[in-house]
There are 2 protein chains.
Amino acid sequence: MMTTLTLSDARALATTTMTRAGHAAKEAEIIADHLLDCELRGLPFGGLARGLAIVERIRAAQESPGPIRVVAETAVSANLDGGDQVGYVVGMRALELAIGKAREHGISVVGARNTWYTGMFSYYLEKATQAGLAGMIAGSGPAVVAPHGGTEGRFGTNPIAFGFPSTPAPFIWDIGTSAVMYGEVMLKARLGADLEPGQAYDGTGFPTLDPAAALEGAFSVWGGHKGSGLAMIVQLLGMMTGAAAEPPGVSDCGLFIVLVDPRVLTDSADYRRRVAAFAESIRETRPVEGGGAVRVPFDRSVACREEALRRGTIEVPETVVTALRREAGHTSRGGAHG
Amino acid sequence: MMTTLTLSDARALATTTMTRAGHAAKEAEIIADHLLDCELRGLPFGGLARGLAIVERIRAAQESPGPIRVVAETAVSANLDGGDQVGYVVGMRALELAIGKAREHGISVVGARNTWYTGMFSYYLEKATQAGLAGMIAGSGPAVVAPHGGTEGRFGTNPIAFGFPSTPAPFIWDIGTSAVMYGEVMLKARLGADLEPGQAYDGTGFPTLDPAAALEGAFSVWGGHKGSGLAMIVQLLGMMTGAAAEPPGVSDCGLFIVLVDPRVLTDSADYRRRVAAFAESIRETRPVEGGGAVRVPFDRSVACREEALRRGTIEVPETVVTALRREAGHTSRGGAHG
């Protein structure tokens, strides 16, 4: 059962829930904007349902989160200790630092550790590209994914993304390096549904279709030995921030950001036009027989967002809305921190 | 038929050939060292046979190459016009600039365009990691590879590589983003051998096993839609140097280098140990049933090189050695620039 929410209601619900979970107003707005953007772009795993996961994670923490601290900084670099705060807030702080430094000096590297749920990297890269910058973001996490040829978790689901400024829309590529998303396995475990063959191993190292067994074992990596190597690279990039190679539970993810201002290499305006022309040449590639138009990354989610903004509403599972309303105190004041 | 060459004979043959092709002594040594390293590491496509391809490309050029020029530079960045010189020489110049700037400031971005045959990126990254740096290198090229779902070339075979300092050996991942290597298609065309299914399309857009038809059409991309996106990213990184989106023939490849000194984020010595421990944890992962030990990228080629260095010789196809000796003037003085 899905519930239709207006965009302003959805935003208010997310903001209130995050405020009730202990965030200051500005932080709650940062988180809500990120969650809403995922809903608008048709990525519900990172949307309002994630808001519930954030509340659960905050409630389960042994200690209160600390402040976000800059633990190392130069003109072109910074490293943050996220204070065990949610990654949406830490990530935006890291991004703002990276944008400022790259605009001033042409390139920057900014890391963050001791954080969790860092969100959709395309969200950050869209903001970086709007500032005229190109960049890469990679994020390490708990060891739930096995390397190619192995059956034990050694790294996280490890997203990596690149973005390039272009008009009218940036060129953004944002992937996870695991064969299946964590949220998808969690959802299937809840629904009693099967995984697809090749997506996971159980705790004894045998292939499994059972999501509960997969959560005790390891997920497979995407892309064979090449993809497995990329997943390792992402873990090593995250570890450069000081994040653990195998952090316990949902904690100590490493966020690694490099931004480049194309003007230090070439004419920025010309480059933006060339990126757009390249994207157009991809869309116009002759398709395989019987195939549809060739797709450019990010196009589909931008179209989805435009449609949602026109419509003015999103569809969210009723169970998610009910639980969020309870947390937000709309139906009960005894919830969240009660 | 293979010929056994001592390492010093192989190096002398490569150096002499490159000198005869018009390179100064120092440049010839740079190229020879790179070609030899590929032979030692068991990557013969990039070895002595490539030396012949370099000579052919120089001979086919309409104009003499120009000097390598720095066309843009800041404290943390540089962009080079390679003057249509071979990429092995341009790449080393770019790498040296990138290493110097990253060591001084913590991060650097260096590009190069108007060059060709940029070699094995792991070669450059091994040198960067020896200087204590981590980094990424990506290289764009002529539009011989089709995007996922398409049948026309839109980007090059587009290698991308990452390297991390570690003791005793660095952690280096170096892949091509096409389903088949250019050299492999060329070789099969020469031998009259078939490609594997799914590796290429002919000029009319239909799948083909015929390497000659593939050279008139397009190669497939690696890794489905995710890999296709990565190949596009590499092309856009290369284009940031000013390299063309679709350069004609073997020309105007774009080389994009970012190096980071881990010390700006974390304790360098500790990070090196953690990279080594992570690699070891990968090797020790419980394998899939019936499978061998899980592999770490670069391990196999390092072992291959150590074995070749112990042996003191390499095996090279007799036709390659004969042709190189002709170019080097060992059997005929009338060759190269005759």
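Observations on the structure shown:
- Matching residues in the stretch B:237-275 - criterion: being without any contact (Cβ under 8 Å) to a residue 24 or more places away in the chain and facing another protein chain (nearest Cβ under 7 Å): B:LEU265, B:THR266, B:ARG274
- Test: residue in the stretch A:258-278 that is surrounded by 13 or more Cβ atoms within 10 Å (Cβ to Cβ) and closer than 27 Å to A:GLN85 by Cβ: yes
- As a summary of the residue check, A:SER64 satisfies the conditions (1) over 14 Å from the mean Cα position of the chain (by Cα); (2) hydroxyl-bearing (Ser, Thr, Tyr); (3) crowded, with 23+ Cβ neighbours inside 10 Å; (4) closer than 13 Å to A:HIS23 by Cα except for the one numbered (3).
- Reported count of residues in the stretch B:125-143, each being surrounded by fewer than 23 Cβ atoms within 10 Å (Cβ to Cβ) and part of a strand (DSSP E or B), is 0.
- Meets criteria (of a type outside the set (S, T, N, Q) and buried (at least 20 other Cβ atoms within 10 Å of the Cβ)) for A:GLY91: yes
- Those residues of the stretch A:188-227 which are among the polar types (S, T, N, Q) and in contact with a Gly (Cβ under 8 Å, 6 or more places away or on another chain), in sequence order: A:THR204, A:THR208, A:SER220
- Among the residues listed as B:ALA214, B:ALA244, the single one being assigned by TED's automatic domain parsing to the domain that holds B:GLY156 and more than 23 Å from A:LYS226 (Cα to Cα): B:ALA244
- Exclusive hit being in contact (Cβ under 8 Å) with a residue 40 or more places away in the chain, within 23 Å of A:ALA308 (Cα to Cα) and touching a strand residue (DSSP E or B) at 6+ places or on another chain (Cβ under 7 Å), set A:ALA14, A:ALA10: A:ALA10
Table: residues versus (1) modelled with pLDDT of 95 or more; (2) more than 9 Å from every other protein chain (Cβ to nearest Cβ).
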{"residue": "A:PRO142", "(1), (2)": "yes, yes"}
{"residue": "A:PHE162", "(1), (2)": "yes, no"}
{"residue": "A:SER178", "(1), (2)": "yes, yes"}
{"residue": "A:LEU187", "(1), (2)": "no, yes"}
{"residue": "A:ASP202", "(1), (2)": "yes, yes"}
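- Considering only residues in the stretch B:144-159 that are within 25 Å of B:GLY242 (Cβ to Cβ), at the interface with chain A (Cβ under 9 Å from one of its Cβ atoms) and not small (Gly, Ala, Ser), the one that is surrounded by the fewest Cβ atoms within 10 Å (Cβ to Cβ) turns out to be B:GLU152.
- Filter pass, A:VAL296 being of a type in the set (Val, Ile, Thr), within 30 Å of A:ALA10 (Cβ to Cβ) and buried (at least 19 other Cβ atoms within 10 Å of the Cβ): yes
- Search result, residues across the stretch B:67-87 that are crowded, with 20+ Cβ neighbours inside 10 Å, of a type outside the set (A, V, I, L, M) and more than 20 Å from B:LEU35 (Cβ to Cβ): B:SER77, B:ASN79, B:ASP81
- For the stretch B:52-93, the tally of residues that are in a helix (DSSP H, G or I) and either within 14 Å of chain A (Cβ to nearest Cβ) or under 22 Å from B:TYR123 (Cβ atoms) (or both) stands at 14.
- If the condition is being farther than 27 Å from A:THR74 by Cβ and of a type in the set (Val, Ile, Thr), then the stretch B:84-133 contributes B:VAL86, B:VAL89, B:VAL90, B:THR115, B:THR118.
The values are calculated or read from the model by the stated rules, or taken from the named source; none is laboratory data. It should be emphasised that the depicted structure is a prediction, and the values quoted were computed from it without experimental measurement. As a convention, Cβ positions derive from the backbone with ideal geometry for all residues, glycine included, and neighbour counts pool all protein chains shown.
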